[in-house]
Number of protein chains: 2
Amino acid sequence: YLDKKELLYEGKAKELYETDDPDILWVNYKNQATAGNGAKKETITGKGKLNNQITSVLFEKLKEKGINSHFIKQLSETEQLIQKVEMFSLEVVIRNVAAGSFSKRLGVEEGKQLSFPVLEFYLKEDALNDPILNDDHVRVLKLATDNEVLEIKKKAMEINQVLIELFEKMNIRLVDFKLEFGKTNDGSIVLADEISPDTCRLWDLDTNDRLDKDVFRKDLGDIIPLYQEVLNRLNQL
Amino acid sequence: YLDKKELLYEGKAKELYETDDPDILWVNYKNQATAGNGAKKETITGKGKLNNQITSVLFEKLKEKGINSHFIKQLSETEQLIQKVEMFSLEVVIRNVAAGSFSKRLGVEEGKQLSFPVLEFYLKEDALNDPILNDDHVRVLKLATDNEVLEIKKKAMEINQVLIELFEKMNIRLVDFKLEFGKTNDGSIVLADEISPDTCRLWDLDTNDRLDKDVFRKDLGDIIPLYQEVLNRLNQL
Ligand SMILES: Nc1ncnc2c1ncn2[C@@H]1O[C@H](COP(=O)(O)OP(=O)(O)O)[C@@H](O)[C@H]1O
Ligand SMILES: Nc1ncnc2c1ncn2[C@@H]1O[C@H](COP(=O)(O)OP(=O)(O)O)[C@@H](O)[C@H]1O
Ligand SMILES: [Mg+2]
Ligand SMILES: [Mg+2]
């Protein structure tokens, strides 16, 4: 019943369209892959389809566990309907295992299990290269109130617990991942954006094989079979 | 009565010597100036003397306000006796006004008054270029316990209030500064290291003239008259 209207925003991985309903957006997952804040950019046929499907399944699974997201329903291979929210200009990263910038910045060996899940905030601002923030920065830049910060942290930790278990059943180690949150009209905070191999580090539990965007970032091969493998294992749950 | 024994550690700005008393160290303030984690390095005659005197006066003033430090007494123009402590591998930065890396990283105009003092932790590790940390990083890297973090933050904020007032009386704006803390034998946390124009951003309240190491960092002129000016104003209090 809803029609796709004007393009509201085109990001690196998705296009957001308005609909007849001001509270609902129409997303299209693109085939574009980027790394290093857009420094590396390629079209990878089939990526949009896989990320849309993986995100849709994950948001459904989270809903079953009582965790609300912006997800309304999958419309087609690359499209979803989502609730429009006012995004926090924050990227929320949870790390269970040292990897990537955490390892490099802090000198912790890649693959080292962390003694508890580490949460990081980053300012979502391409022009500044998404700098890392501490809680004082979040407050002084007025990116979220103290209560919102507490709620975002709590939700992120809950999501981590659900996802760790879920991926473990798929024989996958959830190394780290990035979340984005938004605020609905009534002020409640919901998970938004996507959860996909673009936004998670996923390592096969037996082989340590990478099943995520690091393979693209480091030019290690074709990501499509890996993302397909993640979707296959997800569909077998 | 105490003798200077073996060199324990030579840093970028100071040399630490052992004494007959295992709990007491003998510091010599050097004339070396460094910036960009040692990338720029110069000998500046007279700097050691000025920083030793400024630090000694500031630690005395803090003591009068009930804030303990490692400072025991000034021995000579460039030397102090200090309490030996087990240092936290942390640099604690307090910012009252946006400047330097804060402005650059977060896109906040230099000189903007912050709505509250912002505290930042950095890992004191030259080989990693002193990366910024959030509280989870401090915990997961076991750099301090949760209680120690709370106490360090509280002390740093108290020191900030004392220093803001003190510098205001000297017609100086305390923009930001770096502290280091250590733990004594009995587990109590004390302020250590130094507080000098090497470790603070100090701007003249009327002219905004820089009276600190930024003048060296940015090759803007001779720092000795500026450090001398800070000491003169301090001695007039
Ligand atoms: N429910 C939502 N409502 C409004 N905006 C959203 C929602 N979910 C995600 N977004 C935003 O949609 C934009 C498009 O996603 P993406 O292509 O990943 O963009 P970007 O390159 O900015 O990360 C992002 O800025 C993201 O924050
Ligand atoms: N009271 C103290 N006890 C032990 N070490 C201290 C004390 N105060 C400062 N230090 C340490 O002394 C070293 C020498 O100072 P500095 O020359 O500034 O060295 P750096 O180049 O490592 O910053 C620093 O590592 C500092 O942390
Ligand atoms: Mg995105
Ligand atoms: Mg030093």
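Nothing in this text is a laboratory measurement; each read-out follows from the coordinates by a stated rule. Nothing here was measured: the structure is a model prediction, and the numbers come from that model. All Cβ positions, glycine included, derive from the backbone under ideal geometry; neighbour counts span all protein chains shown.
Gaussian network model of chain A, Cα springs within a sub-10 Å range: biggest mean-square fluctuation belongs to which of A:LEU62, A:LEU133, A:LEU90?
A:LEU133
Answer with one residue from B:LEU7, B:ASN37, B:ILE72: the one whose Cα lies farthest towards the positive end of the charge dipole of region B:1-85, charges on Cβ with Lys, Arg +1 and Asp, Glu -1.
B:ASN37
Given Cβ point charges of +1 (Lys, Arg) and -1 (Asp, Glu) and nothing else, what value in debye, to the nearest 20, does the dipole of region B:57-158 about its Cα centre take? Don't skip to the answer; put the middle values down first.
Details: 15 positive and 18 negative charges, 52 e Å.
The dipole of region B:57-158 has a size of about 240 debye.
How big is the gap, in Å, between the Cα center of region B:104-166 and the Cα center of region A:35-67?
36 Å
Restricting things to alpha carbons, tell me how big region B:86-237 is in terms of Rg and Dmax, in Å.
Computed over the Cα atoms of region B:86-237, radius of gyration and Dmax are 15.9, 46 Å.
Explain nothing, just the number: dipole magnitude of region B:1-125 about its Cα centre with +1 on each Lys and Arg Cβ and -1 on each Asp and Glu Cβ, in debye rounded to the nearest 20.
Values: 19 positive and 19 negative charges, 122 e Å.
For this selection, approximately 580 debye.
Restricting to DSSP loop positions (anything but H, G, I, E, B) with no more than 16 other Cβ atoms inside 10 Å of their own Cβ, which trypsin sites (Lys or Arg not before Pro) remain in region A:88-172? Write down the numbers at each step before the final one.
Numbers: sites: A:ARG95, A:LYS104, A:ARG105, A:LYS112, A:LYS124, A:ARG139, A:LYS142, A:LYS153, A:LYS154, A:LYS155, A:LYS169; in loops: A:LYS112, A:LYS124, A:LYS142.
When the trypsin sites (Lys or Arg not before Pro) of region A:88-172 are filtered for loop state and at most 16 Cβ neighbours within 10 Å, A:LYS112, A:LYS142 remain.
Under the Kirkwood approximation for Rh and a Cα-based Rg, what ratio Rg/Rh is obtained for region B:33-125? Don't skip to the end; give the middle numbers.
Values: Rg = 16.3 Å, Rh = 16.1 Å.
Radius of gyration over Kirkwood radius for region B:33-125 works out to 1.01.
Which distances, in nm and shortest first, link the A:ASP126 label point to the same label point in every other copy, taking 7 Å along Cα→Cβ?
Distances to the matching label points in the other copies: 4.0 nm.
Between the DSSP loop rule and a limit of at most 10 other Cβ atoms within 10 Å, which chymotrypsin sites (Phe, Trp or Tyr not before Pro) in region B:1-34 are left?
On the way: sites: B:TYR1, B:TYR9, B:TYR17, B:TRP26, B:TYR29; in loops: B:TYR1.
Here the sparse-neighbourhood loop sites are B:TYR1.
Which of the GluC sites (Glu not before Pro) across region B:1-80 are loop residues per DSSP, with 11 or fewer other Cβ within 10 Å? Write down the numbers at each step before the final one.
Numbers: sites: B:GLU6, B:GLU10, B:GLU15, B:GLU18, B:GLU42, B:GLU60, B:GLU64, B:GLU77, B:GLU79; in loops: B:GLU77.
Listed in order of number, the matching sites amount to none.
To the nearest 20 debye, what charge dipole does the protein assembly as shown have about its Cα centre, counting +1 at the Cβ of each Lys and Arg and -1 at the Cβ of each Asp and Glu? Spell out each step's value before the answer.
Numbers: 68 positive and 86 negative charges, 56 e Å.
About 260 debye.
What three numbers, in Å, describe the spread of the alpha carbons of the protein assembly as shown along their principal axes, ordered from the longest?
85, 49, 36
Using label points projected 7 Å from each Cα along Cα→Cβ, tell me how many nm separate B:SER103 and B:ASP209, to one decimal.
For B:SER103 paired with B:ASP209, the spin-label model returns 1.9 nm.
Picking from A:SER188, A:SER115, A:SER76, which is most flexible by a Gaussian network model of chain A using Cα springs under 10 Å?
Comparing A:SER188, A:SER115, A:SER76 in a Gaussian network model of chain A, the most mobile one is A:SER115.
How far apart, in nm, are two points set 7 Å out from the Cα along the Cα-to-Cβ line at B:LYS61 and at A:LYS41?
So the label points at B:LYS61 and A:LYS41 sit 5.2 nm apart.
Along Cα-to-Cβ, 7 Å out, sits the label point; list in nm, shortest first, how far the one on B:LYS169 is from those in the other copies.
6.7
Once phi is turned into θ = phi - 60°, what whole-Hz ³J(HN,Hα) does the Karplus curve with 6.51, -1.76 and 1.60 give for every residue of region B:230-237, x standing for Gly and Pro?
With coefficients 6.51, -1.76 and 1.60, one gets 4, 4, 4, 5, 5, 6, 8, 5 Hz.
Among B:SER103, A:ILE94, A:VAL57, whose Cα projects farthest towards the positive end of the dipole of the protein assembly as shown, with charges put on the beta-carbon of Lys, Arg (+1) and Asp, Glu (-1)?
Farthest towards the positive pole: B:SER103.
Starting from 0.36 nm per residue, how many nanometres of slack lie between A:LEU8 and A:PHE116 once their C-alpha separation is accounted for? Please report the intermediate quantities before stating the final value.
Values: separation 108, 0.36 × 108 = 38.88 nm, distance 3.88 nm.
Full extension from A:LEU8 to A:PHE116 adds 35.0 nm.
Note the distances from B:GLY66 to each other copy's matching label point, with points 7 Å along the Cα-to-beta-carbon direction, in nm, sorted shortest first.
The projected label point of B:GLY66 is separated from its counterparts by 4.5 nm.
FRET efficiency for A:SER188 and A:LYS218, Cβ-Cβ distance as r, R0 = 45 Å, nearest 0.05?
Numbers: r = 39 Å, r/R0 = 0.86.
The computed FRET efficiency comes out at 0.70.
So, in region B:80-237, how many Lys pairs have Cα atoms under 14 Å apart, if the pair is 8 or more places apart or on different chains?
Working: B:LYS84/B:LYS183; B:LYS104/B:LYS112; B:LYS124/B:LYS142; B:LYS124/B:LYS178; B:LYS153/B:LYS178; B:LYS155/B:LYS178; B:LYS155/B:LYS183; B:LYS178/B:LYS213.
Pairs that pass both the separation and distance tests number 8.
Taking the dipole about the Cα centre of region A:142-237, with the C-beta of Lys and Arg at +1 and of Asp and Glu at -1, give me whichever of A:ASN147, A:ASN160, A:LEU202 is farthest to the positive side.
A:ASN147
Name the chain A residue nearest the rotation axis between A and B, going by Cβ position, and give the distance in whole Å.
Residue of A nearest the axis onto B, distance in Å: A:ASN134, 2.
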